1. With no solvent and one point on each alpha carbon, what is the Debye value of log10 I(q)/I(0) for the range 40-96 at q = 0.23 Å⁻¹?
2. Two decimals, Cα atoms only, Kirkwood Rh: what is Rg/Rh over the chain?
Amino acid sequence: MFTPKYPPQDTAPIPTTSAPTTHNPMPYVPAPAPVSNRPAVQLTAGSTLALVAGGSAAVLVVGTVLVSMLLAVAITAASVAVCAVTVRSILKSDRR
């Protein structure tokens, strides 16, 4: 049940040629890697400072958005809880 099932071997006839040919394939030589004409990126002190400042600003903006969303969920949950307690007390007071 757990032994592998192999497909049957190919039973097609082997093609033969009428005249034997000698074939000497050339050895594989990989092509040289292409050389880029673009200059290498060089970071100066100003560009490094700009990258750090931009990354810090992005982290602060994303953090602010996430904290505000969490605060919105917390305020909504608290208001729903207050409404539930109020409705419960109104329904409980009607029975007496």
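1. Treating every Cα as an identical point scatterer, log10 I(q)/I(0) equals -0.88.
2. Rg/Rh: 1.52.
All of the numbers you see were taken from the coordinates with simple rules; none came from a lab. Treat the numbers as computed from the prediction; the structure is a model and nothing was measured.
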